[in-house]
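A short worksheet on the structure shown next.
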Amino acid sequence: MNVLVTGAAGFIGSHFAEEIASQGYNVIGIDNFSNYYSQELKLENARQLESKNIRIIKFDLCNDNLKEILNEEIHYIFHFAGQPGISADSTFESYQSNNFIATYNLLNFAQKQKELKLFINLSTSSVYGRYATLAENEETKPVSDYGVTKLAAEQLVLAKSRSNLLRSCSLRLFSVYGPRERPDKLFTKLIDCALYDKKFPLFEGSEKHIRSFTYVADIVNGILSVIGKEDICDGEIFNIGTESEHTTQEGIDIIERITNKPIKIQHLPKRPGDQLRTSANINKARKLLNYEPRTSFYQGLENQTEWFKNNL
């Protein structure tokens with residue numbers, strides 16, 4: 001079966017592409033290789049995927065026509081591509097283009113795939129707002145341009161299911177970390193600061209923020225769990241993450257313990273749009289998808305630190 005993975009050279013997309021290819025699927029990955037962080041990191045991810053016989057195509061969903069480069073009938077579409085969260089320095093226009101318009105264009109392509117079994121949209125806990133602690137059917141109150149545009153994209157996807165134009169579902173991912181995490185993200189920065197004696201920029205109050213920090217392999221397993229459950233998943237939203245909660249300060253303490261080095265802190269003013277608490281309610285995913293994350297916070301950070309030492 002042919003699987004299309006958008007954002008395949010990114011953090012989560014590259015892990016997912018590797019894993020689903022290892023299960024025998026023919027994976028086609030697309031990525032626009034944008035420069036909001038080092039393109040070399042994404043190029044290295046792409047090289048690793050290509051070494052495992054995964055086809056990677058440089059492609060911009062905002063401007064290009066997929067039908068011009070893909071002749072294969074696609075059976076599953078996993079849509080990871082998008083402009084990342086508030087830790088990236090992005091304009092509203094970039095969020096709108098990369099999160100909403102790109103999704104619209106991809107859906108137009110998907111509707112022409114006669115053998116498509118399921119369109120899987122990768123969303124975010126940011127759609128819930130400051131407190132992401134709710135079940136999937138509760139009210140969403142995003143507080144950032146990122147959250148607003150990801151929610152709009154999610155509803156665009158689900159509207160296609162409600163209109164019986166294609167089968168789709170949306171997975172809301174919670175605070176993903178692990179090897180290949182973007183350089184602007186929390187734990188990559190913490191590890192870098194610990195190992196190279198740099199100051200870590202800590203926004204006021206953020207050390208008390210509570211997160212369902214979820215290891216990337218547990219996220220990938222959750223996403224894979226929709227395959228073969230198209231009837232169950234069609235038109236549905238699922239939270240994917242761990243129920244375990246930790247503060248940012250706990251993460252700082254663990255990185256200091258793993259590296260055996262203190263982290264110097266540079267205190268910064270509060271950052272608007274930050275979530276105060278994320279806590280993944282995965283009752284629905286556990287019941288319908290048999291989803292169960294297994295990696296402890298400490299083990300996941302050990303894995304990420306080891307990867308950082310060997311690759312960056």
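With out of contact with any Asp or Glu (no Cβ under 9 Å at 6 or more places or on another chain) and either within 30 Å of THR248 (Cα to Cα) or not β-branched (Val, Ile, Thr) (or both) as the only criterion, which of LYS198, LYS141 stands out?
Answer to the check: LYS141.
This table checks each residue for (1) part of a helix (DSSP H, G or I); (2) closer than 21 Å to GLU236 by Cα; (3) in the same structural domain as LEU166 (by the TED database).
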position: GLU18; (1), (2), (3): yes, no, yes
position: GLY29; (1), (2), (3): no, no, yes
position: ALA46; (1), (2), (3): yes, no, yes
position: ILE86; (1), (2), (3): no, no, yes
position: LEU107; (1), (2), (3): yes, yes, yes
position: LEU116; (1), (2), (3): no, yes, yes
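Among the numbered criteria (1) in contact with a Lys or Arg (Cβ under 8 Å, 6 or more places away or on another chain); (2) charged (D, E, K, R); (3) outside the structural domain of TYR128 (by the TED database); (4) in a helix (DSSP H, G or I), which single criterion is violated by ASP218?
Evaluating ASP218 over (1) in contact with a Lys or Arg (Cβ under 8 Å, 6 or more places away or on another chain); (2) charged (D, E, K, R); (3) outside the structural domain of TYR128 (by the TED database); (4) in a helix (DSSP H, G or I) leaves (3) as the failure.
If the requirement is being at pLDDT 95 or above and surrounded by fewer than 18 Cβ atoms within 10 Å (Cβ to Cβ), which of these qualifies: ALA159, ALA153?
The unique qualifying residue is ALA159.
Taking SER206 as the residue in question, decide whether it is touching a Lys or Arg at 6+ places or on another chain (Cβ under 8 Å) and either surrounded by fewer than 21 Cβ atoms within 10 Å (Cβ to Cβ) or of a type outside the set (Phe, Trp, Tyr) (or both).
yes
Could you identify the single residue in THR247, THR214, THR188 that is hydroxyl-bearing (Ser, Thr, Tyr) and touching an Asp or Glu at 6+ places or on another chain (Cβ under 6 Å)?
From the options THR247, THR214, THR188, the qualifying one is THR188.
From THR124, THR91, grab the single residue that is without any contact (Cβ under 8 Å) to a residue 40 or more places away in the chain and either in contact with a Pro (Cβ under 7 Å, 6 or more places away or on another chain) or outside the structural domain of PHE297 (by the TED database) (or both).
Exactly one of THR124, THR91 is without any contact (Cβ under 8 Å) to a residue 40 or more places away in the chain and either in contact with a Pro (Cβ under 7 Å, 6 or more places away or on another chain) or outside the structural domain of PHE297 (by the TED database) (or both), namely THR91.
Checking the structure you have, find out if any residue of the range 195-211 is assigned by the TED database to the domain that holds TYR37 and of a type in the set (S, T, N, Q).
no
The values are calculated or read from the model by the stated rules, or taken from the named source; none is laboratory data. These figures come from a predicted structure and were not determined experimentally. Methodologically, a virtual Cβ is constructed for each residue, glycine included, from the backbone with ideal geometry; neighbour enumeration extends over all protein chains shown.
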